[in-house]
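Okay, so here's the structure we're looking at.
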Amino acid sequence: MILYQAIIFLPLIGAAFAGVLSLRQQHVPAEIISVVCICLSFLLSCFAFYDIAITHNQLTITIARWIDSANFVANWSLRFDTLTAVMLIVVTSVSSCVHIYSIGYMHNDNARARFMAYLSLFTFAMLMLVTADNLLQLFFGWEGVGVASYLLIGFWYHKPSAHKAAMKAFVVNRVGDFGFALGIFVIFYLFGSIQFDDIFSDAFMYKGTKILFLGVEMPALEVAAILLFIGAMGKSAQLGLHTWLPDAMEGPTPVSALIHAATMVTAGVFLVCRMSPLIEYAPIALDIITVVGALTAIFAATIGMTQFDIKRVIAYSTCSQLGYMFFAAGVSAYPAAMFHLTTHAFFKALLFLGAGSVIHALSDEQDLRLMGGLWKKIPLTYSLMWIGSLALAGFPFFSGYYSKDMILEAAWASQSYIGQMAFWLGCVAALLTAFYSWRLLIMAFHGKPRCSTEVFEHVHESPPIMILPLIPLAIGAIFAGWFGYQLFVGYDMVYFWGDALFILPEHRAMEDAHHVPDWVKRLPVWLAASGVGVAVIAYAVLPAIPAMMISFLRPLHKLFYNKWFFDELYDILFVRSFVNFGKILWVRGDQGTIDAFGPDGMSELVLRGSDKLSKLQSGYVYHYAFAMIIGVVTLLSWYFSGFMG
């Protein structure tokens, strides 16, 4: 049991030591301690995966009683089941690679000990989230991840764009978190408990229960599931609450890999899968999850193919891939969603860290229009980026091929109109994904160099400390799909997942996915190959085509390039109105009313009164004598008037 607890608390210990050492500017010891702690956590997670997921020795460890008030009880407990074991492997493996990579990437930063402390704190919060045994503890990890991401995105706080991006991520996530909190309240109101076992065992009893919400009587489980999904939308950057994700690229590249690969953005997918015993009884919520996921997949893909910042292209691909995971969960294919979450973690972390290697080689340049001709200069990074791109595009025998195709097959097999819509939108997104992946590769590595001669002459491969962590990620990008297929989504999946995931018998998408027509299985591969072919023709063979297409489809390109104008729309609808409202409260409320009649008004009254009284102090003796005589006369007059009365 101590070993299981060590998985969670070792990153916290590393964060604490690194934080203390950062105060003394002792960077190397901070790096060593934090890396050792996270790597030990990963090794223990491997043992936990075998013990829990393979041999099915599931357990719950109660650390302490957290809250005990009337009929509300919340324990500080660690839940270890197959779903947790999978997330432990994903989080600790990617985080270990990111920690090691950061030693080289942040080598010249004078606050890298603080950076390592933030990375470890982020990992601890994510581990608390995935091992939670109740909704309150999950919410603690949820908010901990939010705080740590704020610190990491805004790490270079001297840059205005960085602290604005950090604030944007924090505020947008609070919108989703408000829905999440309301969902927890509804669940406690219904079940009288926030413990997962209590909720899951009694969920079927409430499938016909109504609740009064916003003045309207609604199905109680639908309300709870939708509110929880709103929280997941914010954390996983789904359509509507996605605007923080691209701006998070302002943080150092290791942050981008950690946030966008295995940790923060996958928390929403994990939440939906964890709550599957409840969400399965909420068909409307499942349809909403499917629609939002499918629209996010195609929406983000359209934006990704027009961007020029290498990290933003990969960030929008993350947003799109998360859409796949959600619409898989929406058609009750939770194993497929978790399978894609796992494979995606490896190849997306590989792509982000590979992009960081490119940026490092080009002296911090991120614009694809200022790259080109790099493949001879940095061949190892080029090869690794190829592996990540092949996995992302879903080419056969790479990990993305197994997981993404299973999602599309499950959507087709769901035999519903919404599932069919998700399937076709997912197919189009697969075409666009392959296109912008090879657009990135060609613009960055092929053609003539578009950077300055001085910069190009200094292009060099990253140091071994940055390249070595990419190797295990590349291995995962190649073999994770093949290794995990039978366990996650094959005929062994029922035994593998056990009680960690719940699917109603009438929801047969996962079972029927293995029996779809051959063209359904082959179509995504054909589309991926077509996307690659179009990108090669447009950017390598006939490089004049993109400019011609932009000119011919200018309104559509403008829409995609400007991210469908979501930021501008939100600025008009929310940001400006709230800023103006805040100014009114500040100028008229705070300054004009509270300060005017409160501290400022009282101080002004005292100043004016004292100014007038000070004029009585003339300094002439006869003035004071005259005042004394008037005083004596006044007192005598008052006395005799009382005496005579």
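What distance in nm separates the simple spin-label points at residue 364 and residue 559, each placed 7 Å from Cα in the Cβ direction?
3.8 nm
What does the extension gain come out to for residue 526 and residue 566, with contour length at 0.36 nm per residue minus their alpha carbon separation? Don't skip to the end; give the middle numbers.
On the way: separation 40, 0.36 × 40 = 14.40 nm, distance 3.21 nm.
Computed gain between residue 526 and residue 566 is 11.2 nm.
What's the extension gain from residue 287 to residue 641 if we count 0.36 nm per residue and subtract their Cα-Cα distance? Present the calculation step by step, with values, prior to reporting the outcome.
Values: separation 354, 0.36 × 354 = 127.44 nm, distance 9.22 nm.
Full extension of this stretch gives 118.2 nm more.
Run through every distinct alpha carbon pair of the range 370-529 and return the Kirkwood hydrodynamic radius in angstroms, one decimal place. Intermediate values should be presented prior to the final figure.
Details: mean 1/r = 0.0558 Å⁻¹.
Hydrodynamic radius (Kirkwood, Cα pairs) of the range 370-529 is 17.9 Å.
Roughly how far apart, in whole Å, are the Cα centres of the range 209-256 and the range 526-585?
The distance from the Cα centre of the range 209-256 to that of the range 526-585 comes to 24 Å.
Past the 19 Å Cα-Cα mark, which pairs from 348/448; 348/404; 159/583?
Values: 348/448 27 Å; 348/404 14 Å; 159/583 25 Å.
Pairs exceeding 19 Å: 348/448; 159/583.
So how strong a dipole does the chain carry about its Cα centre when Lys and Arg Cβ are +1 and Asp and Glu Cβ are -1, to the nearest 20 debye?
That gives a dipole near 1540 debye.
Quote to one decimal, in nm, the extra length available between residue 495 and residue 309 on full extension: 0.36 nm per residue of separation minus the C-alpha distance between them. The partial results should precede the final answer.
On the way: separation 186, 0.36 × 186 = 66.96 nm, distance 4.39 nm.
Length gained, residue 495 through residue 309: 62.6 nm.
Averaged per residue, what accessible surface does the range 1-62 expose to a 1.4 Å probe, in Å²? Could you put the intermediate results ahead of the total?
Numbers: 3170 Å² over 62 residues.
With the other protein chains kept in place, the range 1-62 gives 51 Å² per residue.
Once you put a point 7 Å from the Cα of residue 455 and another 7 Å from the Cα of residue 512, both along the Cβ direction, what distance in nm separates them?
The answer from the label model is 5.3 nm.
Take the solvent-accessible surface of the protein heavy atoms, probe 1.4 Å, and return the percent of it on the range 380-512 that carbon and sulfur atoms account for.
The nonpolar share, carbon plus sulfur, comes to 70 percent.
If you take every residue apart from residue 273 with its C-beta less than 15 Å away from the C-beta of residue 273, what net charge results, scoring Lys and Arg +1 and Asp and Glu -1? Mind showing how you got there, number by number?
Values: positive: 79, 235, 274; negative: 81, 280, 499.
Overall, the nearby charge balance is 0.
Write down the accessible area per residue of the range 95-224 in Å², having rolled a 1.4 Å probe over the full set of protein chains. Don't jump to the answer; show the numbers that get you there.
Values: 4970 Å² over 130 residues.
So the range 95-224 comes to 38 Å² accessible per residue, rounded to a whole number.
For the pair residue 167 and residue 540, what calculated FRET efficiency results from E = 1/(1 + (r/R0)^6), where r is the Cβ-Cβ distance and R0 = 51 Å, to the nearest 0.05? Don't jump to the answer; show the numbers that get you there.
Working: r = 41 Å, r/R0 = 0.80.
With a Förster radius of 51 Å, E is 0.80.
To the nearest 20 debye, what is the magnitude of the charge dipole of the range 503-638 about its Cα centre, counting +1 on the Cβ of each Lys and Arg and -1 on the Cβ of each Asp and Glu? Mind dumping the intermediate values first?
Details: 12 positive and 12 negative charges, 88 e Å.
Once rounded to the nearest 20, the dipole reads 420 debye.
Hey, with R₀ at 22 Å, roughly what FRET efficiency would residue 61 and residue 36 work out to, going by the Cβ-Cβ distance, to 0.05? Numbers along the way, then the final one.
Values: r = 24 Å, r/R0 = 1.07.
Efficiency for this residue pair is about 0.40.
Of 384, 429, 156, which is farthest along the charge dipole of the chain in the positive direction, counting Lys and Arg as +1 and Asp and Glu as -1 at C-beta?
156
Any chance you could check the Cα centroid distance between the range 293-341 and the range 410-474 for me, in angstrom?
One Cα centre to the other: 13 Å.
Sort the following peptides by mean Cβ neighbour count (other Cβ atoms within 10 Å, averaged over residues), highest first: 307-315, 431-439, 477-485.
Details: 307-315: 22.8, 431-439: 25.9, 477-485: 20.7.
The peptides rank, most packed first, as 431-439, 307-315, 477-485.
Hey, which aspartates and glutamates would be in cross-link range of residue 563, C-alpha to C-alpha under 18 Å, not counting anything within fewer than 8 residues on its own chain?
Leaving aside aspartates and glutamates fewer than 8 places away in the same chain, those within reach of residue 563 are 247, 250, 309, 367, 571.
If one takes the longest principal axis of the Cα atoms in the chain, at what angle in degrees, from 0 to 90 and to the nearest 10, does the Cα axis of helix 379-393 lie?
Tilt of helix 379-393: around 90 degrees.
Which FRET efficiency value, to the nearest 0.05, is calculated for residue 72 and residue 586 with the Förster distance at 45 angstrom and r the Cβ-Cβ distance?
Working: r = 38 Å, r/R0 = 0.85.
According to the calculation, E is roughly 0.70.
Taking a probe of 1.4 Å, how large is the accessible area per residue of the range 231-287, in Å²?
Numbers: 570 Å² over 57 residues.
Spelled out: the 1.4 Å probe surface of the range 231-287, per residue, equals 10 Å².
Could you give the angle, 0 to 90 degrees to the nearest 10, between helix 135-153's Cα long axis and the longest principal axis of the Cα atoms of the chain?
That works out to roughly 90 degrees.
Once the Cα atoms of helix 220-235 and of the chain are each reduced to a long axis, what angle between those two axes, in degrees from 0 to 90 to the nearest 10, is obtained?
90 degrees
For the range 195-208, in order, what is each residue's ³J(HN,Hα) by Karplus, 6.51 cos²θ - 1.76 cosθ + 1.60 with θ = phi - 60°, in whole Hz (x at glycine and Pro)?
Taking θ as phi minus 60°, the curve returns 6, 4, 4, 5, 5, 5, 6, 9, 4, 5, 6, 10, 5, x Hz for the range 195-208.
Quick one: Cα convex hull volume of the chain, Å³ per residue? Show your work: numbers first, answer last.
Details: hull volume 164.2 nm³, N = 645.
Expressed per residue, the convex hull around the Cα atoms of the chain is 255 Å³.
Given the -39500 (n - 2.57) contribution per DSSP H run of 4+ residues, what per-residue ellipticity at 222 nm results for the chain, rounded to the nearest 500 deg cm²/dmol?
Values: 30 runs with 439 residues, N = 645.
That calculation yields -22000 deg cm²/dmol at 222 nm.
What distance in nm separates the two pseudo spin-label positions at residue 159 and residue 26, each 7 Å out from Cα along the beta-carbon direction?
Label-label distance for residue 159 and residue 26, simple model: 3.0 nm.
Give me the percent of accessible area attributable to carbon and sulfur for the range 318-367, probe 1.4 angstrom.
39 percent
Out of 87, 470, 578, whose Cα points farthest toward the positive end of the dipole of the chain (charges: +1 Lys, Arg; -1 Asp, Glu; placed on Cβ)?
Highest projection toward the positive end goes to 578.
Post the alpha-carbon centroid distance, the range 99-117 to the range 268-283, in whole angstrom.
37 Å
The values are calculated or read from the model by the stated rules, or taken from the named source; none is laboratory data. Computed from a prediction, not measured in an experiment: that's the story for all the values here. Note that each Cβ is placed from the backbone with ideal geometry, even for glycine, and that neighbours are counted across all protein chains shown. Quick note on the areas: whole protein, heavy atoms, side chains included, nothing else; ligands and nucleic acids left out. Shrake-Rupley method; radii C 1.70, N 1.55, O 1.52, S 1.80 Å.
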